[in-house]
Each structure stands twice: as structure tokens, then as C-alpha cells.
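The block underneath contains the structure these notes are about, expressed in C-alpha cells.
The values are calculated or read from the model by the stated rules, or taken from the named source; none is laboratory data. Quick caveat, the model's predicted, so the values are computed rather than measured. Please note: Cβ atoms are built from the backbone with ideal geometry, for glycine as well, and neighbour counts cover all protein chains shown. In case anyone asks, the SASA skips ligands and DNA or RNA and just uses the protein heavy atoms, side chains included. Shrake-Rupley method; radii C 1.70, N 1.55, O 1.52, S 1.80 Å.
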Amino acid sequence: MGLFNWIFGKHEPRPPDPERSAEAAWLPLWLCQLVLHELWERDIPAVMSEDHTSHMRFGAREPMARIYVMEPRLAEAEAAIEEITGHPPAHQGM
């Protein structure tokens, strides 16, 4: 395997790590609080973090927040968020 293939080659996706957290959604603060409680009701452990940098970069016109879950529960959380909000969860920069 050459250096080029090592850097730019196709790599196998890593399996979910139960010790690592992942961003499940980037939502308006008011909606994030509602979604967070619904995730708890569905027994999906999640936390919320307010995103204070979205205003400095004009990434949003309202206060934003992020929801984090553990990697093994990420797909389940994203599916629940899509069901609750009616659209796929956004991630900052996407």
C-alpha cells in the first residue's frame, strides 16, 4: 500500500465505541429542550449543550444548541429526532 492510498484510500468505517459521544443534532435552543425530554422519555440518554458560537459566525438567527448521545445509540437518537421534528437532524456545517 502506497502513501497515497494510505492517506486517500477508502477506509472501513470504525465500529461504534461505547466510550465515545457523538453529536446527534444541531437545533434551535427551544426545540432542543423539547427533543431532549422526548429522548429521555424513550430511554435514550442524551445531553444538551448550548452553542454560543453560532451567533459569531452567523450560522443561525436564533440561539442554537446541540444534542449529544453515546455512539451506539446515535442511529436510534437520530431516527427519534427525525420522527419528533419531521425532518432529518442537522449537524453544524451540514
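Mind telling me which of the residues Glu38, Glu71 ends up being surrounded by 12 or more Cβ atoms within 10 Å (Cβ to Cβ) and modelled with pLDDT of 95 or more? Result of the check over Glu38, Glu71: Glu38.
Selection within the stretch 4-19: residues that are in a loop (DSSP other than H, G, I, E, B) and open to solvent by less than 90 Å² (accessible area, probe 1.4 Å). The member of this set that is modelled with the highest pLDDT is Pro18. Evaluating Ala24 against the criteria (1) assigned to a strand (DSSP E or B); (2) open to solvent by 90 Å² or more (accessible area, probe 1.4 Å); (3) not charged (D, E, K, R) leaves one unmet condition, (2). Does Ser21 satisfy the criteria of being of a type in the set (Ser, Thr, Tyr) and free of Cβ contacts under 8 Å to residues at least 24 places away in the same chain? Judged against the criteria, Ser21 is not a match.
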